[in-house]
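Since the structure comes first, as structure tokens, the remarks are kept for the end.
The values are calculated or read from the model by the stated rules, or taken from the named source; none is laboratory data. Source: prediction; values computed, not measured. Heads up, the Cβs are rebuilt from the backbone with ideal geometry, glycines too, and the neighbour counts pull from every protein chain shown. Ligands, DNA and RNA are excluded from the accessible area calculation, which covers all protein heavy atoms including side chains. Shrake-Rupley method; radii C 1.70, N 1.55, O 1.52, S 1.80 Å.
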Amino acid sequence: MKKQKSMTEPIFNRFDLLSDEIVFLILDFLNDDPLDKKSFSLVCKSFHAIESRHRKILKPLRSEHLAKVLIRFPFISYLDLSLCPRITDSSLGVISGNLVEIDLSNATDLKDLAAASIAEAKNLEKLWLVRCKSITDIGIGCIAVGCRKLKLLSLKWCFGVGDLGVGLIAVKCKEIRSLDLSYLPITNKCLLQVLELQHLEDLVLEGCFGIDDDSLTALKQGCTSLETLDMSSCQNVSHVGLSSLTSAAGCLRHLSLSYGSRVDLALADSLQKLSLLQSIKLDGSQVTCSGLKAIGNWCASLTELSLSKCSGVTDEGLSSLVTKRVDLRKLDVTCCRTITCASVAHITNSCTSLTSLRMESCTTVSAEAFVLIGQRCQFLEELDLTENNIDDEGLKSISRCSQLASLKLGICPNITDKGLIHIGICCSKLKELDLYRSAGITDLSILAIARGCTVIETINIAYCKNITDRSLVSLSKCSKLNTLESRGCPLITSFGLSAVAMGCKQLTKLDIKNCQNIDDTGMIPLAHFSQNLRQINLSYTSVTDVGLLSLASVSCLQIMTVLHLEGLTPSGLAAALLACGGLTKVKLQASFKALLPPTIIEHLESRGCVFQWRDKVFQTDRLRSKILETTVGRGGMKQFHDMV
Amino acid sequence: MDPEERLCADARTKPLNNQPFIGFSSQQKNWEDSSLLDYGMRIEPQISYFNPPTETQSSLACNFNNQTQITSQKSYQVNVACESNRIQDWDPRSTISSLSFLEKKIHQLRDLIHFINGQRGQFTGQSDELLVQQQMLITADLTSIIVQVMSTAGSLLPSVDHSRVANPSAGVSEDIVLPDYAVNKVEDDHSRVSNPSTRVSENIVLPENYAVNKVEDLTGYFGAEENFAVEDHELKSDDDADEGENLPPGSYEILQLEKEEILAPHTHFCTICGKGFKRDANLRMHMRGHGDEYKTPAALAKPNKESSSESILIKRYSCPYVGCKRNKDHKRFQPLKTILCMKNHYKRSHCDKTYMCSRCNAKKFSVLADLKTHEKHCGKDKWLCSCGTTFSRKDKLFGHIALFQGHSPAVPVDEAKASVGPSDRGQISEATTKIEPRDFNFKSNVMEVKGSGNDPTSYFSPLDFGTSNAGEFHEFPRLPFEDSESSFSFLFSGSCDYPPNTGRYSGPNNLE
């Protein structure tokens, strides 16, 4: 050994000429694949040490070795534990003072003791505790006292935290910029203290039912630094409370009033003082025509508007608004089922600089409207046309939007290869494409997309029955692909899957439900090459014990749905479940519950795995097609969608 | 003296004295009583002359020489007046003239009352108008005479301390009064106590056994009155209740008890066997055993409070501890409202805390009632700060933390222990609930051992160390907080001095 080392030393010396800083800079570019840095660190001890010192971000999937890992990477400043199953209080005992950001979302088992450990990270600036339900005011109090530099804190769904905890945060952490208090049982008491924070810019009060008009009108001063305010689902707040809250918050730029009170003239008038208001979210509210018109009149700097699932959005109101607000960048009219081509004509006519248009389920908009979109809104980056009447003419027109990154064409039965090939040719920046149940699509479209849109990351070809292995082979050239949904594509085989597995190393999410021709021969290359796979759905495939067991070599695998695999035996399943150490969620047939040894289930649950038992009747192919026929025959793809 | 008793006394007086002016006498007595008390209150405690016994004797003699019809109280007052005048450039002639004036006026008064009495019967037949007119005239006459009598009597009143009259050697009744006096050793009350005693001494010379009755009656009355006040005040325990009170200095009388008197466990002693009691009622019950004369309803009855209390000067108390804000010599003296306030204040502020809570073995009190109040809540204070302070309410804890830098809420210990690991879980379960108070007494014990070192074993209650084994010692929640900066570190700063081997604690030698 020693001889070997001395022989290799000259090479080391040459590399030692590079200072650590230069190597760090090189490492900064190794971001595409997390495995790259791992490979680098495995070269030699010196590289290993450099990599250890370089790493700032840590997002482990398991918390068992957290203590060792934190010792190896002493300069970690951002620790994301949101993917770890079952983080316990004791696993957080190792938290060091270097950490600047910690994400503990979904660690539902965490208690106040863990919060006390977090409080040891004195330099902490950002902390997410989403869904940490067991933490109470006491724990938050510890954090408030310990982490005085906190700038961001998310306490969403921390039901154990109330006025006292939040109030103490407001008293002790004066640096807070962003505070998420969604769904907390808080009242006006702590809001008073929160609004006294000098630097508060972003406040989320979503679903805080304890806050009402009476308490808001009692507030003497608003927060002058506030820029973003989310009061979604605050059902007890009307325009009265809102106007008193916003009276002093003249800097407010983003406001969300989703699922709140009726958007009428009175509410729109209360927005009049907010001259800097850039974005308004009114999702799920009842909207009046006069309200929309007033918003168009008052909000001079409006660039983003969301009316998703709003009732009462008419052509008149929407047209009046968009003709006044020509600077609009983002517009969401999802499920506004009463608007027609007239609205789209006004939108495209005035708001030519739109970058995002979401109009899922605007079923009354006729096909010619989509031609207008392509002609006039060429800066579009995001376009959601799910469940619309768009046809190939419309697609051809939309292909002019060369900046397009996200295109959703789910349940658009009128589109074919003819239109989609234009997209593939022109939209080279496309990252996300949704073709769910757009049954007119064949391999030709996918070939064009795979060739033209090489940066594509997410593709959904579910229930496009005509897709074959050729599509998958072509997609295997898209090295950035991380999500593939190909449910119900009966022509896809293990060959296509193994091609994707070999080509797309980034694959993290795979859904091959109901691809009966995929069997164990597809699983083995998948297990070998797709080391980043986190989520897989294998229901109704021909995979057996062998294939499932082979997946155990994918150490990242966390979520698995295994329903109705004919070749699966209880012992094989038990072995696979035990072998996959990182599982957090497994969907299984209820019949297996009795067949699996209870000790194994107990053991897996103690590791942090959650079982979901499904009791669906096995649907044969024939039955399936029968359902398909009847529902489509009755008309309405939507109903069909809902049923299956 | 309650009215019934008074009637009783009057009734007794009637046949015994058999004097023509019964009505007057009783009225006079009434008046005298109030003035007497009034006068007693005005006495300044600072001035304490020594009154030679001879003076009292002589005054008594003088009293007899006068042979007036007036009541003994009256004679006492005269006697006092003579005395005071003698001290401050005493002029017997002026006093005598005043007295004769008084006598004259009292005669007038008596006549008038007779007249009223006589008229009452005649008027019944007359018209209402005339009756009203006449009555008004009579009332005006009566008022003017009373005013004159009072002012003259007032001129006789001395402005000096009369505690000297109360000298134990004064009067024949010394033996009888002394025990009572001993009980009420309150210096400032001398005058009050002495008044009856002097009275008694005068009465006792009267040949009738009425006087003996009177002695009992009066001593019992006065002694009890004092005690009654104490009992009453026991209800108010807060000695800071008068914080906001702004009495102008001099508008109240300052009384100060000595330390020994404050700390005396009993304030009522049996004159016969010397047994002490906290309450006069208990003493009266006890007295029954000493003879039938103590079993009379009069002897057993609860003496009533003075009816003319509004004329009494407000009493305030001073703490005997020099330098205390509650001491009368303090620059910004704040008097204490009641005698019990004063007692409690003195015990709380200037005495050792001898009552320790047996439940937490940490809290100590100098007033027993405070301990009892604490015991009601002990163990219920579940909201704990890192500084060791416990709160019964969560919002109080958070208010405390918001106020102080570096304090943080302490995570409940049972939670800390639960996460230690599955291996420890077995032994934890039994002790999780009561761990909080235990680590507090641990802390306080350690501190005390360091401080005293005389007999350290006495500080360790069996709960702490006697029964604790090594395993239990480990249960103190050190694990998650071992850093010196941890919120619990203060708790273990002391405990860390000792290795977790309980064997070392067996003998005191190891500790120093």
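Chain A against chain B buries an accessible area of about 1600 Å², both chains summed, 1.4 Å probe radius.
Accessible surface calculations at 1.4 Å, restricted to protein heavy atoms, place segment A:62-144 at 35 Å² per residue.
The protection proxy used here, the mean number of other Cβ atoms lying within 10 Å of each residue, ranks peptides A:571-583, A:309-321 as follows, highest first: A:309-321, A:571-583.
The residues of segment B:325-386 have, on average, 56 Å² of accessible surface per residue, using a 1.4 Å probe with all protein chains present. With contacts taken as Cα pairs under 8 Å and at least 6 residues apart, segment A:28-154 reaches a relative contact order of 18 percent.
Estimated from the Cβ-Cβ distance and a Förster radius of 45 angstrom, the FRET efficiency linking A:Asn414 and A:Phe24 is about 0.25. Considering only Cα atoms, the convex hull volume of chain A works out to 177 Å³ per residue.
Convex hull of alpha carbon positions in segment A:271-370: directionally averaged projected area 5.3 nm². Under 14 Å from the 7 Å Cα→Cβ point of A:Ser82, by amide nitrogen: which residues of segment A:173-208? Answer for this model: A:180.
In whole percent, how big is the carbon plus sulfur part of the accessible area of segment A:359-437, probe 1.4 Å, protein atoms only? Taking all protein chains in place, segment A:359-437 shows 49 percent carbon and sulfur surface.
Solvent-accessible area assigned to carbon and sulfur over segment A:511-576 amounts to 58 percent, based on a 1.4 Å probe. Note on A:Phe15 and A:Arg53: their simple-model spin labels are 1.5 nm apart, each label 7 Å out from Cα toward Cβ.
Contact order for chain A, expressed relative to its length and based on alpha carbon pairs under 8 Å spaced 6+ residues apart, stands at 4 percent. Label separation (A:Ala342 vs B:Phe115): 11.3 nm, computed from points 7 Å beyond Cα along the C-beta direction.
Across segment B:325-331, computed HN-Hα scalar couplings (Karplus, 6.51 cos²θ - 1.76 cosθ + 1.60, θ = phi - 60°) run 5, 8, 8, 5, 8, 5, 4 Hz from first to last residue, x flagging Gly and Pro.
Listed values for segment A:542-549 are Karplus-derived 3J(HN,Hα) couplings in whole Hz (6.51 cos²θ - 1.76 cosθ + 1.60, θ = phi - 60°), namely 9, 6, 10, 3, 4, x, 5, 5, and x replaces Gly and Pro.
Applied to segment A:253-260, the Karplus parametrisation 6.51 cos²θ - 1.76 cosθ + 1.60 on θ = phi - 60° returns per-residue 3J(HN,Hα) values of 10, 10, 9, 10, 10, 4, 6, x Hz, with x for Gly and Pro. Evaluated on segment B:333-383, the Kirkwood hydrodynamic radius is 12.0 Å, with distances taken between all distinct Cα atoms.
Net charge of the neighbourhood of B:Ile145, taken over other residues with C-beta under 11 Å away and scored Lys/Arg +1, Asp/Glu -1, is +1.
Given their separation in residues at 0.36 nm each and the Cα-Cα distance between them, A:Lys149 and A:Gln286 gain 45.2 nm when the chain is fully extended.
Note on A:Gln612 and A:His528: their simple-model spin labels are 3.2 nm apart, each label 7 Å out from Cα toward Cβ. Here the calculated FRET efficiency for A:Glu64 and A:Asn123, from their Cβ-Cβ distance with R0 = 25 Å, stands at 0.50, rounded to the nearest 0.05. Each peptide in B:250-262, A:488-500, A:169-181 receives the mean, over its residues, of other Cβ atoms within 10 Å, and ordering these scores from highest gives A:488-500, A:169-181, B:250-262. When peptides B:368-377, B:318-327 are sorted by average Cβ neighbour count within 10 Å, with the highest value leading, the order is B:318-327, B:368-377.
Rounded if a/c is under 1.5, else prolate if a/b beats b/c, else oblate: with a ≥ b ≥ c from the C-alpha gyration tensor eigenvalues square-rooted, which is segment A:387-495? Taking the square roots of the gyration eigenvalues as a ≥ b ≥ c, segment A:387-495 is oblate. Partner shielding of A:162-169 amounts to 3, given as the average count of beta-carbon atoms from other chains within 10 Å of each residue beta-carbon. Look at the stretch A:140-147: the mean tally of other chain Cβ atoms within 10 Å of its residues' Cβ atoms is 5. Placing one equal scatterer on every Cα of segment A:93-192 and applying the Debye formula, the log10 ratio I(q)/I(0) at q = 0.11 Å⁻¹ is -0.25. Rg and Dmax over the alpha-carbon atoms of segment B:256-411 stand at 22.4, 71 Å.
Counting only protein heavy atoms and a 1.4 Å probe, segment A:454-575 has 33 square angstrom of accessible area per residue. The simple Förster model, with R0 at 25 Å and r as the Cβ-Cβ distance, assigns A:Glu566 and A:Glu605 a FRET efficiency of 0.40.
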